[in-house]
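**Student:** To start, I am sharing the structure in question, which I have written as structure tokens.
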Amino acid sequence: MNSAEKSLTVGISASLSKAFTQDEVNLFSQLSLDSNEVHLNPEYAARTKFGKTIVHGALTSSLISAVLGTKLPGPGTIYLEQSISFKAPVYPGETITATVTVIEAMPKCRYKLKTICTNLKNEIVISGEALVLFR
């Protein structure tokens, strides 16, 4: 076991924060081909329960991948599985913090992680679990 693996103990966590701009939402829409008007059209979105445009859930959840690949476990991590529940909308300009916490060390260099994204009010907007491979 290398020193990086030894540091992956149950309970440790890492976080990353970002606010997505409407321009980033528009770009993600082009890249993903998800052109749902609730993300892109302020007039349409104003008539929905959200009242204004919202960030794609997949874009928001990409912050989890960023934590996994850059902080915990870090470079070399292979993202194997993700369960995810979208709890609340995220609006352009709203700062979101993705936090990953090791909840189980498993055989064959696999780790189960709690994954959550919260807003500045500490409301959970995304929750779930990930399974990763880290050597």
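**Student:** Determine which single condition residue 57 fails, assuming it passes every other condition in (1) touching an Asp or Glu at 6+ places or on another chain (Cβ under 6 Å); (2) in contact (Cβ under 8 Å) with a residue 60 or more places away in the chain; (3) among the small types (Gly, Ala, Ser).
**Tutor:** Going through (1) touching an Asp or Glu at 6+ places or on another chain (Cβ under 6 Å); (2) in contact (Cβ under 8 Å) with a residue 60 or more places away in the chain; (3) among the small types (Gly, Ala, Ser) one by one, residue 57 breaks only (1).
**Student:** Just name the residue that is surrounded by the most Cβ atoms within 10 Å (Cβ to Cβ) out of those in the stretch 28-42 that are part of a helix (DSSP H, G or I) and among the polar types (S, T, N, Q).
**Tutor:** Step one: list which residues in the stretch 28-42 are part of a helix (DSSP H, G or I), which gives 28-32, 37-40, 42.
Pick out the ones that are also among the polar types (S, T, N, Q) and you get 29-30, 32.
Details: 29: 17, 30: 10, 32: 12.
Among residues in the stretch 28-42 that are part of a helix (DSSP H, G or I) and among the polar types (S, T, N, Q), the one surrounded by the most Cβ atoms within 10 Å (Cβ to Cβ) is 29.
**Student:** Can you find, within the stretch 117-135, the residue that is surrounded by the fewest Cβ atoms within 10 Å (Cβ to Cβ) among those that are farther than 18 Å from residue 77 by Cα and among the hydrophobic types (A, V, I, L, M, F, W, C)?
**Tutor:** The extreme case among them is 120.
**Student:** Kindly check whether there is at least one residue in the stretch 43-61 that is surrounded by 13 or more Cβ atoms within 10 Å (Cβ to Cβ) and more than 24 Å from residue 120 (Cα to Cα).
**Tutor:** The answer is yes, given that some residue of the stretch 43-61 is surrounded by 13 or more Cβ atoms within 10 Å (Cβ to Cβ) and more than 24 Å from residue 120 (Cα to Cα).
**Student:** Oh, and also: Are any residues in the stretch 70-87 in a strand (DSSP E or B), in contact with a helix residue (DSSP H, G or I) (Cβ under 7 Å, 6 or more places away or on another chain) and hydroxyl-bearing (Ser, Thr, Tyr), and if so, which ones?
**Tutor:** Result: 79, single match.
**Student:** Specify which of the listed residues (67, 55, 25) is in a helix (DSSP H, G or I) and in contact with a Pro (Cβ under 7 Å, 6 or more places away or on another chain). Walk me through how you get there before you give the answer.
**Tutor:** Numbers: 67 fails: in contact with a Pro (Cβ under 7 Å, 6 or more places away or on another chain); 55 fails: in a helix (DSSP H, G or I).
The unique qualifying residue is 25.
**Student:** Here is a further query. Just checking, how many residues over the stretch 94-135 are at pLDDT 95 or above and of a type in the set (Phe, Trp, Tyr)?
**Tutor:** 1
**Student:** Related question: Which residue pairs have Cβ atoms closer than 7 Å, lie 6 or more positions apart in sequence or on different chains, and pair a first residue in the stretch 71-93 that is over 27 Å from residue 23 (Cα atoms) with a second residue that is surrounded by 13 or more Cβ atoms within 10 Å (Cβ to Cβ) and among the aromatic types (Phe, Trp, Tyr)?
**Tutor:** 73/111; 73/134; 76/134; 77/134
The values are calculated or read from the model by the stated rules, or taken from the named source; none is laboratory data. Everything quoted here is computed from the prediction, not taken from an experiment. Positions of Cβ are backbone-derived with ideal geometry, glycine not excepted, and every protein chain shown enters the neighbour counts.
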